[in-house]
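Written below as structure tokens is the structure these notes are about.
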Amino acid sequence: MKTAFNMIIYYLVATFLGLIVAAGIYMLCCDLTLLVAGEKLNFFNWDFFVRGLFVAFPLTVSVVLGFTIFYGIRHRENHFFRLGAYIFLCALTWFCLVPVCFNLQKSYEDKKTENNQKKLLSSGFFRPEAGGVFYFSRVEENGKSNGLFIDLSGITGEAGSIVRFFDSSVEELYDGKYSDTLIRDVVKLPLVLLVPLQVYSTLIENARSAWNSGWLSWISFLSFVLALCSVISFQYTSGWRLINALSVMFVAGVVCLVNYSFYKGFIFKNLRISWNEHLLAVEPGEKMNFIQKIFENSEPLLVAINLFLFAFILVSGILLFIFKYKNKKEAKQ
């Protein structure tokens with residue numbers, strides 16, 4: 001009982017601290033999009049920090065739930081109490097906290113009327129862009145600029161040519177996510193970080209869309225959560241705690257990648273298309289309209305895949321635990 005109580009306290013404290021750190025990192029990343037070479041970084045931005053809290057919350061609580069599994073791998077007493085605490089935390093997270101986060105985020109964005117504007121570029125720097133290099137000798141407050149463009153790719157008709165421009169709009173010359181391409185090139189994320197962030201971005205966008213579409217869509221998405229939370233069955237598959245922890249992370253990664261691949265159309269794309277065409281071709285009727293409403297607001301194929309993953313992971317983990325327990329018992333005899 002004490003271990004289960006400690007898990008809940010650990011969950012609350014780790015979620016709070018992790019959320020503050022994650023929101024701070026998100027705020028810093030957003031600050032960099034407004035940073036211009038030669039100017040001082042304005043670190044704290046309340047709007048970015050609040051948005052970071054909303055964006056990072058689902059990821060933070062998911063990671064913390066994973067750490068509660070690691071906590072159970074480290075402290076092996078009171079199995080049933082810990083399992084009960086884990087189920088309670090998963091239900092609390094995905095039935096209450098995450099939906100509340102989505103509602104608060106939507107309410108905040110609806111009330112927020114001012115947007116953070118990009119800053120004008122600073123003069124005196126060479127900036128590679130559009131197959132060449134821009135140099136701004138003057139940038140006025142109205143966005144008009146003077147300078148030159150060094151053509152490195154032949155985009156102007158002759159590679160190596162230098163083109164002067166006067167009173168040209170900075171936005172017309174190039175536009176992007178970052179205010180300054182020099183900052184963009186410096187802070188470009190490596191692939192090892194970019195891929196997990198893309199996976200999370202896709203999953204959380206579909207989660208938010210499912211919640212906003214109604215309870216049928218949300219229940220459909222929760223099949224992914226069910227498969228993800230079932231990785232706890234792999235916490236005792238080996239006598240080595242490190243192997244157990246790696247097994248949990250590997251299986252969780254597989255579940256996320258399968259769902260990400262489905263949403264991106266990497267797997268079962270043709271089957272989804274044929275299913276939607278078949279659904280539209282069915283004759284309308286009162287019962288059929290209800291069934292169509294269910295399937296239009298959910299992904300029945302993905303639900304089936306996640307339920308299969310849930311059953312497979314759960315059964316596999318239990319069988320591996322029984323196999324390990326049997327071998328351990330035979331070794332003692």
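The values are calculated or read from the model by the stated rules, or taken from the named source; none is laboratory data. Not measured: the values here are computed from a predicted model. Neighbour counts are summed over all protein chains in view; Cβ atoms, including those assigned to glycine, are modelled from backbone coordinates with ideal geometry.
Summary of values
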read-out	value
Flag if Phe136 is farther than 30 Å from Gly214 by Cβ, under 25 Å from the mean Cα position of the chain (by Cα) and either modelled with pLDDT of 85 or more or surrounded by 15 or more Cβ atoms within 10 Å (Cβ to Cβ) (or both)	no
Residue selected from region 95-133 under the condition modelled with pLDDT under 85 and among the basic types (Lys, Arg), by the criterion surrounded by the fewest Cβ atoms within 10 Å (Cβ to Cβ)	Lys111
In region 200-228, the residues that are among the aliphatic types (A, V, I, L, M), surrounded by 15 or more Cβ atoms within 10 Å (Cβ to Cβ) and closer than 15 Å to Val98 by Cβ	Leu203, Ile204, Ala207, Ala210, Leu222, Val225, Leu226, Leu228
Unmet criterion (only one of (1) at pLDDT 85 or above; (2) touching a helix residue (DSSP H, G or I) at 6+ places or on another chain (Cβ under 7 Å); (3) farther than 23 Å from Val195 by Cβ) for Leu301	(1)
Among residues of region 5-27, those that are crowded, with 18+ Cβ neighbours inside 10 Å and either at pLDDT below 90 or of a type in the set (Gly, Ala, Ser) (or both), counted	5
Unmet requirement for Tyr178, which otherwise passes all of (1) in a helix (DSSP H, G or I); (2) touching a residue at least 24 places away in the same chain (Cβ under 8 Å)	(1)
Qualifying residues in region 56-70 (those that are out of contact with any Leu (no Cβ under 7 Å at 6 or more places or on another chain) and surrounded by 20 or more Cβ atoms within 10 Å (Cβ to Cβ)) - the one modelled with the lowest pLDDT	Ile69
Complete set of residues in region 81-110 that are of a type in the set (A, V, I, L, M, F, W, C), closer than 22 Å to Phe49 by Cα and touching a residue at least 12 places away in the same chain (Cβ under 8 Å)	Leu97, Val98, Cys101, Phe102, Leu104
Single residue of region 231-283 satisfying the filter (part of a loop (DSSP other than H, G, I, E, B) and at pLDDT below 70) that is farthest from Phe221 (Cα to Cα)	Glu283
Failed item, numbered, when Asp47 is tested on (1) assigned to a helix (DSSP H, G or I); (2) in contact (Cβ under 8 Å) with a residue 60 or more places away in the chain; (3) surrounded by 15 or more Cβ atoms within 10 Å (Cβ to Cβ)	(3)
Pairs where the first residue, in region 115-129, is closer than 23 Å to Asp47 by Cα and among the polar types (S, T, N, Q) and the second is surrounded by 13 or more Cβ atoms within 10 Å (Cβ to Cβ) and modelled with pLDDT of 75 or more, C-beta under 7 Å, 6+ apart	Asn116/Leu34; Asn116/Asp47
Residues (surrounded by 11 or more Cβ atoms within 10 Å (Cβ to Cβ) and either within 14 Å of the chain's Cα centre (by Cα) or part of a helix (DSSP H, G or I) (or both)) located in region 183-197	Ile183, Arg184, Asp185, Val186, Leu194, Val195, Pro196, Leu197
Failed criterion for Phe166 (all others in (1) under 23 Å from Val55 (Cβ atoms); (2) of a type in the set (A, V, I, L, M, F, W, C); (3) touching a strand residue (DSSP E or B) at 6+ places or on another chain (Cβ under 9 Å) hold)	(1)
Conditions (1) among the small types (Gly, Ala, Ser); (2) out of contact with any Leu (no Cβ under 7 Å at 6 or more places or on another chain); (3) at negative phi: number failed by Gly214	(3)
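Per-residue answers, yes or no, for (1) in a strand (DSSP E or B); (2) farther than 30 Å from Val254 by Cβ:
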| residue | (1), (2) |
| --- | --- |
| Leu121 | no, yes |
| Gly124 | no, yes |
| Tyr135 | yes, yes |
| Ile150 | yes, yes |
| Val163 | yes, yes |
| Val199 | no, no |
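Residue-wise test of (1) modelled with pLDDT of 90 or more; (2) more than 21 Å from Thr33 (Cβ to Cβ); (3) β-branched (Val, Ile, Thr).
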residue	(1), (2), (3)
Ser168	no, yes, no
Lys177	no, no, no
Gln198	yes, no, no
Leu203	yes, yes, no
Ala210	yes, yes, no
Ala227	yes, yes, no
